[in-house]
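Below is one structure, written out as structure tokens, with a few remarks after it.
Values quoted throughout were computed directly from the atomic coordinates according to the rules given, and no laboratory measurement underlies them. In this text, all values refer to a predicted model and were calculated from it rather than measured experimentally. Ideal geometry is used to build each Cβ from the backbone, glycine not excepted, and the neighbour counts take in all protein chains shown.
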Amino acid sequence: MVDASYKFRFYPTPEQENLLLRTIGCVRLIYNKALAVRTQAWYEHLGRVSYKQTSAMLTSWKKQEDLDFLTEVSSVPLQQGLRHLQTAFTNFFSGRAKYPNFKKKRNGGSPEFTKSAFKWKDGQVYLAKCAEPLPIRWSRQLPPGSVPTTITVRLSQSGRWSVSLRVNDTRDLRLKPRLKQVGIDLGITSLLTTSDGKSFANPKNLNKLHKKLRLAQKSLSRKTKGSNNYKKARLKVARIQAKIKDSRLDYTHKLTYVANPTAPLQLIRENQTIVVEDLAVKNMVKNHKLARAISDCNWGELVRQLDYKAEWYGRELIKIGRYFPSSKRCSSCGHIVEKLPLNIREWDCPECGSYHDRDIIASINILAAGLPVSAPVAHGGDPQDRAGKSLGATVRPVGVCVAFRRKACAKHIGNKSRQAGAMKQKAPNSDARESRPVS
């Protein structure tokens, strides 16, 4: 049994939209008031205000004359907003997140309704204080026999309404085991390269709409803040950004797994073990020259989808250390070159003379580093016990993509236009060749 959320678009009636907008506004108000109280208590006497105290404050706020409109909406989303604030502070004090911020109206909102605040009847959703069901566009069916346990209604910055239904899926989704294992190297020019020599192009969704987005943002910057024209221009920018986001998410889902078995590019369906690098994307985007390109690749979402889909469908996802020299290590002899700039896409090993494509050799080394980690899992052991040791060992995969490397070497020998001297690194013996850069 797995917990899954199914997201759908819906188009509320004017009465429903009015109620949901008031609910979002009340949730935002309570969240901000509770955050202000907790922040003030900390600055004045270093005191902490618990969720139980903010819940008692909510009861007193409802009794105030200027806040009597809080009783016109369901009380469950208000309580859930306080719980989310408590979770935000827990993550902050644990070092997993920054200090909570105040909610803003322009960012929309997402009130959460638990079982006591909605009714599931005849396949329709009835929210509290709403007589009519939500007009949901059912793009797909919920799992048979499943009943929603939590419903989250969201208003995005682009003005789109969506509802997320959380259900307990009792089906056994595990796929038939396979023997195939693959290592994945994430990149910018090629979104990912596998250890069997396959390379998938980066769709670059931002570049397709970058000019349109830039003109819309320029028009927004010339509007007076708070005016109606400013709101219209902001909505136009938000819709373009939503289209870019939807394109990224759609391609990522198709790349990882979809229900159609005939669809191409399915990493989860085709492989039993998948090995990836644990990349620190937040640190990598600090490079202002590559920040936009890295953000457009959607690496974090790709690994996140591989993680939970591998758990659902009975696959194994292994993450190796981010400092593992996957691109610099020769898979034949284990030699590690000292430097390998990003502009060098192909190189020759100065020890054994083997030719390597930067992305392919990285995926091969990633797979070889992850295989020792997957060994104890098959016997019921903990992969963390050997993860630290295996990743630091010399990587010498045997028989991995030998045919592909031989084909690449033959192609390399016939290409005489490549310049000599990749990294000016000489081997200890005089017969070894130097690394070669790509011209």
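Taken as Cα centroids, the stretch 321-341 and the stretch 65-94 sit 50 Å apart, rounded to the nearest whole angstrom. When each of the peptides 88-94, 73-79 is scored by how many other beta carbons lie within 10 Å of its residues on average, the order from highest to lowest is 73-79, 88-94. Under the shape rule built on the C-alpha gyration tensor, where the axes satisfy a ≥ b ≥ c, the stretch 182-320 is prolate, since a/c reaches at least 1.5 and a/b is greater than b/c.
For Asp172, Asp278, what ranking results if the residue with the fewest other Cβ atoms within 10 Å of its Cβ goes first?
Numbers: Asp172 8, Asp278 12.
Exposure proxy ranking, most exposed first: Asp172, Asp278.
Over the stretch 182-320, what is the relative contact order in whole percent, taking alpha-carbon pairs under 8 Å and six or more residues apart? Don't skip to the answer; put the middle values down first.
Details: 153 pairs, mean separation 33.9, N = 139.
Answer for the stretch 182-320 is 24 percent.
Each part gets one Cα centre, and for the stretch 152-188 versus the stretch 1-44 those centres are 24 Å apart. Once you sort the root eigenvalues of the Cα gyration tensor of the stretch 81-197 as a ≥ b ≥ c, which label holds: rounded (a/c under 1.5), prolate (a/b larger than b/c) or oblate (the other case)? In terms of gyration-tensor shape, oblate. In order along the stretch 203-217, the Karplus-derived 3J(HN,Hα) couplings, from 6.51 cos²θ - 1.76 cosθ + 1.60 at θ = phi - 60°, round to x, 6, 5, 5, 5, 5, 10, 5, 5, 5, 5, 5, 5, 5, 5 Hz, and Gly and Pro are given as x.
Cβ crowding within 10 Å, taken as a proxy for footprinting-reagent exposure, orders Ser158, Ser219 from fewest neighbours to most as Ser219, Ser158. Cross-link pairs exceeding 22 Å between alpha carbons, from the set Lys212/Lys232; Lys7/Lys115; Lys103/Lys218; Lys98/Lys212; Lys218/Lys243: Lys103/Lys218; Lys98/Lys212.
Across the stretch 93-166, Cα pairs under 8 Å and at least six residues apart give a relative contact order of 32 percent.
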